[in-house]
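Everything below concerns the one structure shown next.
The values are calculated or read from the model by the stated rules, or taken from the named source; none is laboratory data. Just so it is clear, the model here is predicted, and its values are computed rather than measured. Cβ atoms come from the backbone with ideal geometry, glycine included; neighbour counts cover every protein chain shown.
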């Protein structure tokens, strides 16, 4: 087995909101806080958020959404008639290899990808801002139910680290290309919540395989 590493940085082009739990409600405080490192109180991007968004967009890109009735794509769905097309079947198998499946089905072996939490790169920038969100009364044309949402502002950067296992019979370049395509799809979509409001626009920069 060989393990490859893709390192780089995530640059925020707009405010990013990935929610964090808060067991206390402070009067006058922010309703929707971002997730923060418990030791430093600085925001970070969970590896699960990055990995999950990559998988979701890749399934859409490969035309696999809907086959599993809303569930993540799995080996049992390869029986669907659309996979009489061998090229499409190979793409679906590589996605399963990359992101893995349930412990009950080990047909394609271990999960190949591992995505670490993305740490803040401290460049002296402000790392938190509060933005009011409202709903609009359609009849009156006025804002109602204002809430404060915390965001990490545009310009802030995070480091990312993705590891890729290559085992027997894997096509290394195909799996690397799939990861890079996943990052490209996120750039063209968004990361985190409230993407329809312009949040979560990002760039993956300084990418390097080792």
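A few remarks follow.
- Considering residues of segment 44-82 that are in contact (Cβ under 8 Å) with a residue 60 or more places away in the chain and outside any helix (DSSP H, G or I) only, the residue farthest from residue 182 (Cα to Cα): 44
- Among the residues of segment 14-41, the ones that are surrounded by 15 or more Cβ atoms within 10 Å (Cβ to Cβ), outside any strand (DSSP E or B) and at pLDDT 95 or above come to 5 in all.
- Qualifying residue in segment 113-128 (condition: modelled with pLDDT of 95 or more, in contact with a helix residue (DSSP H, G or I) (Cβ under 6 Å, 6 or more places away or on another chain) and closer than 24 Å to residue 71 by Cβ): yes
- Entirely in segment 129-198, the strands (runs of 3 or more DSSP E) that have 1 or more residues that are at pLDDT below 95: 129-136, 143-151
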